[in-house]
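Engineer: Sharing a structure with you now.
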Amino acid sequence: MNWDWNAVRDFMPLFREGLLVTLQALVLGSLISFTLGLVWALLMRTPTRWVQWPVGIVTEFVRDTPLLVQLFFLFYVLPEWGLTLSAMATGVLAIGLHYSTYTMQVYRAGIEAVPAGQWEAATALNLSKARTWRAVILPQAVRRVVPALGNYVISMLKDTPLLMAITVLEMLGRARLFSQEHFRFTEPLTVIGVAFIVISALASFLLRTLERRLVR
């Protein structure tokens with residue numbers, strides 16, 4: 001099949017729209033997953049089993065069910081209970097919630113890697129629990145887990161095409177729309193593939209740069 005540069009040119013407006021949607025879903029989903037994952041990790045460290053058990057059950061359930069099923073549930077089932085979200089909000093929430101159960105484990109590993117001497121030093125200085133976490137433990141834990149969190153950013157990026165299942169037209173959705181209208185598949189899908197590679201490489205570079213800065 002001959003490569004048609006005119007098809008690439010015609011696809012660019014749709015591609016830019018899809019790229020914006022993809023980046024929005026990635027950034028917002030990452031923020032939710034990082035924040036909620038830290039909340040899960042802290043709740044799992046509470047001495048109260050009545051807190052640990054529900055959190056453990058919920059996170060295990062979310063982690064063990066496919067993201068696509070969660071997308072369908074949030075988009076089609078929640079409205080039956082009176083809670084209706086836009087397709088984009090549903091997609092961002094589903095990605096963030098799903099990956100928060102993975103980032104939770106990353107945070108737990110980072111917290112457990114903090115030397116016991118740090119806890120003892122905070123106790124010796126008579127620091128409150130809140131200040132110990134804020135000023136001593138979390139800065140060291142987060143610094144250790146940046147590479148692992150970065151891997152999940154890439155995973156979230158590669159899962160954004162699933163949002164097409166709930167009518168969110170991200171990059172792949174726009175490519176599919178263009179292909180159906182113009183009967184050209186090679187050009188738009190190639191552009192999308194290259195875009196994913198470039199975004200992944202750029203994200204990896206930024207995360208490595210951040211990691212080096214935090215290590216200093």
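The values are calculated or read from the model by the stated rules, or taken from the named source; none is laboratory data. Treat the numbers as computed from the prediction; the structure is a model and nothing was measured. FYI the Cβ positions are ideal-geometry reconstructions off the backbone, even for glycines, and counts take in every protein chain you see. Just so you know, the surface numbers come from the protein's heavy atoms only, side chains and all, with ligands and any DNA or RNA stripped out. Shrake-Rupley method; radii C 1.70, N 1.55, O 1.52, S 1.80 Å.
Engineer: Between the range 51-71 and the range 140-216, what is the C-alpha centre distance in whole Å?
Structural biologist: 24
Engineer: Turning to a different aspect of this structure: At 0.36 nm per residue, minus the direct Cα-Cα distance, what do Ser86 and Phe185 gain on full extension? Give it in nm, one decimal, please.
Structural biologist: 32.7 nm
Engineer: Please identify every one of the chymotrypsin sites (Phe, Trp or Tyr not before Pro) in the range 1-98 that sits in a loop by DSSP and has no more than 12 other beta carbons within 10 Å of its own beta carbon.
Structural biologist: The qualifying sites are Trp3.
Engineer: On the protein heavy atoms, probe 1.4 angstrom, tell me the percent of accessible surface of the chain carried by carbon and sulfur.
Structural biologist: The value for the chain is 66 percent carbon and sulfur by accessible area.
Engineer: Build a GNM of the chain with springs between Cα atoms under 10 Å: which of Leu43, Leu202, Leu83 gets the top mean-square fluctuation?
Structural biologist: Highest fluctuation among the options: Leu83.
Engineer: Show that you can apply the helix-only estimate: for the chain, add -39,500 (n - 2.57) for every DSSP H stretch of four or more residues, divide by all residues, and state [θ] at 222 nm to the nearest 500.
Structural biologist: Roughly -25500 deg cm²/dmol at 222 nm, from the helical runs in the chain.
Engineer: Which semi-axes, in whole Å and largest first, does the equivalent ellipsoid of the chain have when worked out from the alpha carbon gyration tensor as the square roots of 5 times its eigenvalues?
Structural biologist: Listed largest to smallest, the semi-axes of the chain are 40, 22, 11 Å.
Engineer: Would you calculate the separation in nanometres between label points at Asn151 and Gln24, each defined as 7 Å from the Cα along the Cα-to-beta-carbon direction?
Structural biologist: Output for this residue pair reads 3.1 nm.
Engineer: What number comes out for the charge environment of Val146, summing +1 per Lys or Arg and -1 per Asp or Glu over other residues with Cβ under 11 Å away?
Structural biologist: Charge balance in the 11 Å sphere: +4.
Engineer: Right, another one. How much net charge surrounds Gly193 when only other residues with a Cβ under 13 Å from its Cβ are counted (Lys, Arg +1; Asp, Glu -1)?
Structural biologist: That sum, taken over residues with Cβ under 13 Å, equals 0.
Engineer: Right, here's the next one. Rank Asn2, Val191, Trp40 by how far each Cα sits towards the positive end of the charge dipole of the chain (+1 on Lys, Arg Cβ; -1 on Asp, Glu Cβ) and give me just the farthest.
Structural biologist: Trp40
Engineer: Can you give the accessible area per residue of the range 62-196, in Å², using a 1.4 Å probe?
Structural biologist: 50
Engineer: Rounded to the nearest 0.05, what FRET efficiency do Glu211 and Asn126 give with R0 = 41 Å and r taken as the Cβ-Cβ distance? Could you check?
Structural biologist: The formula returns an efficiency of 0.80 here.
Engineer: Identify, among Ile137, Tyr152, Leu78, the residue whose Cα sits farthest towards the positive end of the charge dipole of the chain, taking +1 on the Cβ of Lys and Arg and -1 on the Cβ of Asp and Glu, with the dipole about the Cα centre.
Structural biologist: Among Ile137, Tyr152, Leu78, the one farthest towards the positive end of the dipole of the chain is Ile137.
Engineer: Could I ask something else about it? Calculated FRET efficiency, Asp64 and Leu31, Cβ-Cβ r, R0 30 Å, to nearest 0.05?
Structural biologist: It comes to 0.80.
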